[in-house]
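A.B. asks: Would you mind keeping the following structure in view while I ask a few things?
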Amino acid sequence: MPDVDLQSTSVAIAAVTAAADVCQSVATRMAKQDALEKGDRSPVTVADFASQYVVATQLAATGLPLLAEEDAHEFLAAPAELQTRVCEAVASHDAAPSAKEIAAALGNGREAGQGDRYWVLDPIDGTKGFLRDGQYAIALALIEHGKVVLGLLGCPRWDAGRLFGTDEGEAWTAPMEAPTQRQPIRVAGEREARLVESVESGHSDHSASARVAEALDLKVEPMRMDSQAKYAAVACGEADIYLRLPTRADYREKVWDHAAGLAVVEAAGGKVTDVDGKPLDFTHGRTLAQNRGIVATSNANGLHDRVLSAVKEALLGR
Ligand code: AMP
Ligand code: MG
């Protein structure tokens, strides 16, 4: 893995922890009108926009483009009251920016990221988890020539808030409030495998994963968790297999839902592919256009190939 300069790493950590702080404070004061449905019917909240604003403004120091989930267009189409709430939410981190300034910082990020080196951000991955007191993550990755060279997951509801990151190919975790107190993490060794999957059956086919679990003779009930915290669970040995089995033939995974998590799992010694065993291909802009679904495992004693065979059987005819 190429070296990532120290400045990028420390800016990324500062940006993610600041965004997590803003998200948690929005969560404690969440009102009904703070969430709305986007054009694609997925939810977005005051915290998604505020988080992206905080990360985008802090990353500006690196001079690199940002490919991120939210954009100025969705923000400006939101009710004025929600826009005002975003301005208020970021005011503690910035000198009370106007809605116009926020829109400018959010940018049209979705179209960026075609260069050789750029950031990828999901400002709140697992918005449904955020809304129901489940897991969510601020997921930030640095891509160079199609490879993820830095991954950082801020999981505000993992204990009292935890960071999971990569540094020169090694995975680490640290309390969010003390990012310098890093501890190395590794995937679990061979044991009774535990599976983790989305809470949302619309995001991963639960009946297909039950067939995989049966074929692999898994004894432990699957864990269900929102967001890329699932990758963190595999990376630190809380789970052994993360399955994301397509629910629709035409759905393409978004890069910001996987870039950071993939880096953390790989650096912790695990393996990540799509359901066909292909490496994730980050060279197609905002989607993983050449992949379908996700299989991430500890790969203890060749676990990955065994899971791929079971997945193939479970998805036969689809
Ligand atoms: P999770 O927390 O694992 O349920 O994943 C949340 C992410 O699922 C969101 O960030 C969406 O981008 C993504 N998503 C939305 N629709 C689908 C779908 N049909 N299949 C897979 N992922 C989806
Ligand atoms: Mg997401």
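The values are calculated or read from the model by the stated rules, or taken from the named source; none is laboratory data. Only a predicted model underlies this, so the values are computations on that prediction, with no experimental measurement involved. FYI the Cβ positions are ideal-geometry reconstructions off the backbone, even for glycines, and counts take in every protein chain you see. Side chains included, ligands, DNA and RNA excluded: accessible areas come from the protein's heavy atoms. Shrake-Rupley method; radii C 1.70, N 1.55, O 1.52, S 1.80 Å.
A.B. asks: May I have the convex hull volume per residue, in Å³, for the Cα set of region 164-318?
C.D. replies: 112
A.B. asks: Still on this structure: Of 100/128; 38/128; 32/254; 254/312; 271/312, which ones are farther than 20 Å apart at the Cα? Intermediate results must be reported in sequence, preceding the final value.
C.D. replies: On the way: 100/128 27 Å; 38/128 13 Å; 32/254 27 Å; 254/312 22 Å; 271/312 17 Å.
Result: 100/128; 32/254; 254/312 exceed 20 Å.
A.B. asks: Would you calculate the convex hull of the Cα atoms in region 62-127 and tell me its volume per residue in Å³?
C.D. replies: Details: hull volume 6.8 nm³, N = 66.
That works out to 103 Å³ per residue.
A.B. asks: Remind me, relative contact order of region 132-285 in percent, using alpha carbon pairs under 8 angstrom and six or more residues apart?
C.D. replies: Computed over region 132-285, the figure is 28 percent.
A.B. asks: What's the longest piece of the chain with no exposed GluC sites (Glu not before Pro), counting a site as exposed if DSSP puts it in a loop and it has at most 14 other beta carbons within 10 Å?
C.D. replies: 1-167
A.B. asks: Please work out the average accessible area per residue across region 185-296, using the 1.4 Å probe convention, and give it in Å². Please list the in-between numbers first.
C.D. replies: On the way: 4320 Å² over 112 residues.
The answer is 39 Å² per residue.
A.B. asks: What does the convex hull of the Cα atoms come to per residue for the chain, in Å³?
C.D. replies: Residue-normalised Cα hull volume stands at 120 Å³.
A.B. asks: How large is the translational diffusion coefficient of region 199-238 in µm² per second when you combine the Kirkwood radius over alpha carbon pairs with Stokes-Einstein at 10 °C and 1.306 mPa s?
C.D. replies: Here the translational diffusion coefficient equals 142 µm²/s.
A.B. asks: Hey, got the dipole for region 1-67? About the Cα centre, +1 on K and R Cβ, -1 on D and E Cβ, debye to the nearest 20?
C.D. replies: Charge dipole of region 1-67: 280 debye, to the nearest 20.
A.B. asks: Another question about this same structure. Can you pull the Rg over Rh of region 138-244, Cα-only, Kirkwood?
C.D. replies: 1.00
A.B. asks: I've got another one for you. Using the Karplus curve 6.51 cos²θ - 1.76 cosθ + 1.60 with θ = phi - 60°, work out ³J(HN,Hα) for each residue of region 236-242 in order, rounded to whole Hz, and write x for Gly and Pro.
C.D. replies: 9, x, 7, 9, 10, 9, 10
A.B. asks: Which translational diffusion coefficient, to the nearest whole µm²/s, is obtained for region 227-318 from the Stokes-Einstein equation, given a Kirkwood hydrodynamic radius over C-alpha pairs, 20 °C and 1.002 mPa s?
C.D. replies: Answer from the Stokes-Einstein relation: 163 µm²/s.
A.B. asks: Another question, then. Could you give the accessible area per residue of region 32-107, probe 1.4 Å, as a whole number in Å²?
C.D. replies: That works out to 44 Å² per residue.
A.B. asks: Could you identify which residue out of 240, 94, 167 has the top mean-square fluctuation in a GNM of the chain using Cα springs shorter than 10 Å?
C.D. replies: Taking springs between Cα atoms under 10 Å, the residue moving most is 94.
A.B. asks: What number, in percent, do you get for the relative contact order of region 48-192 if the mean sequence gap of Cα pairs under 8 Å and at least 6 apart is divided by its residue count?
C.D. replies: 17
A.B. asks: For region 17-158, with all protein chains present and a 1.4 Å probe, just round the carbon and sulfur fraction of the accessible area to a whole percent. Each step should come with its number before you reach the end.
C.D. replies: On the way: 2800 of 5590 Å².
After summing per-atom areas, the C and S share lands at 50 percent.
A.B. asks: Do the sum for the chain: with -39,500 (n - 2.57) for every DSSP H run of n ≥ 4, divided by all residues, what is the mean residue ellipticity at 222 nm, to the nearest 500 deg cm²/dmol?
C.D. replies: Result for the chain: -10000 deg cm²/dmol, rounded to the nearest 500.
A.B. asks: Name the residue farthest towards the positive end of the dipole of the chain from the options 98, 146, 277, assuming +1 on Cβ of Lys and Arg, -1 on Cβ of Asp and Glu, about the Cα centre.
C.D. replies: So the residue we want is 277.
A.B. asks: Taking the full set of protein chains and a 1.4 angstrom probe, give the accessible area of residue 127 in square angstrom, rounded to the nearest 10.
C.D. replies: Probe radius 1.4 Å; accessible area of residue 127 about 20 Å².
A.B. asks: Evaluate the distance, in nm, between pseudo-label points positioned 7 Å from the Cα of residue 160 and of residue 80 along their respective Cα→Cβ axes.
C.D. replies: With each label point 7 Å from Cα toward Cβ, the separation is 4.2 nm.
A.B. asks: What dipole magnitude, in Debye to the nearest 20, does the chain give about its Cα centre under +1 on Lys/Arg Cβ and -1 on Asp/Glu Cβ?
C.D. replies: Values: 32 positive and 46 negative charges, 107 e Å.
The calculated dipole for the chain is roughly 520 debye.
A.B. asks: Something else: Using a Förster distance of 30 Å, how high is the FRET efficiency between residue 98 and residue 10, based on the Cβ-Cβ distance and rounded to 0.05? Let's see the in-between values first.
C.D. replies: Numbers: r = 29 Å, r/R0 = 0.96.
Using R0 = 30 Å, I get an efficiency of 0.55.
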